[in-house]
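Here's the structure, in structure tokens; my notes come after.
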Amino acid sequence: MSTSSQQDNRVAGGYKATISNPNTSEEAKTHAREMLAQMNAEHQGEYTETMGREDEIHSNRVIGGYKATLNNPNVSQEAKDRAEAVLGEQGYEVSYVEETDSHTNRVLGGYKATLSNPNTSEEAKMHAAAVLDGEEPPSKGAGTQEEQHLHRVIGGYKATLSNPNTSDEAKEQARLKLKEHGVEEY
């Protein structure tokens, strides 16, 4: 590549940076677009051929950023609306759930992971598929905070009974507490 074409490529890159820079005025962006169009006309598409792949990569990253904006809980509704509009203009089908429950998303993500985990039983995979299809509610972990707390307390007492470093007195106390909670098998 000659020094002249390297310089031209750098100039074209500068104009492209101007167009992409959110801190640049619309007047400067318009001028940069005009200059790129003029350079392309003079060189019969040379810049689109050499920089086309870079433009495609950049465009994909920009679209990815807008898609990420839609699902980011820390982004304002105004920004999400703007991202949705830009994606729609670019021909992308836009669908996002407003104010999703991040816990629910993580639970559903866990069920998705279960489907492709080679160490998961077929029974667990069938349950995960049913939950994802909406045929079954998610199992355990659901319920009120009180129910979850009680479940953890009972688990703690059961762990006390299994711990070889726990005194007999503490184990007896754990058995009594488990009986109070209706757990008879320990």
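Read the figures in this text as sums done on the coordinates, not as results from a lab. Just so we're clear, the structure is a prediction, and the values are computed from it rather than from any experiment. Neighbour counts run over all protein chains shown; Cβ positions are idealised from the backbone, glycine included.
Annotations
- Sites H149 and A113, calculated FRET efficiency, Cβ-Cβ separation with R0 25 Å, nearest 0.05: 0.40
- Spatially proximal lysines relative to K171 (Cα-Cα < 19 Å; intrachain offsets below 8 disregarded): K158, K179
- Stretchable slack from E93 to H31, in nm (0.36 nm times residue separation minus alpha-carbon distance): 19.2 nm
- Backbone geometry of the range 63-77 corresponds, through the Karplus equation with coefficients 6.51, -1.76 and 1.60 at θ = phi - 60°, to 3J(HN,Hα) couplings of 4, x, x, 5, 5, 5, 4, 4, 9, 8, x, 8, 9, 5, 5 Hz, x marking Gly and Pro.
- Label-point separation, K179 to N105 (7 Å along Cα→Cβ), nm: 4.8
- Rough spin-label spacing in nm, given labels placed 7 Å along Cα→Cβ, for R82 and E123: 5.3
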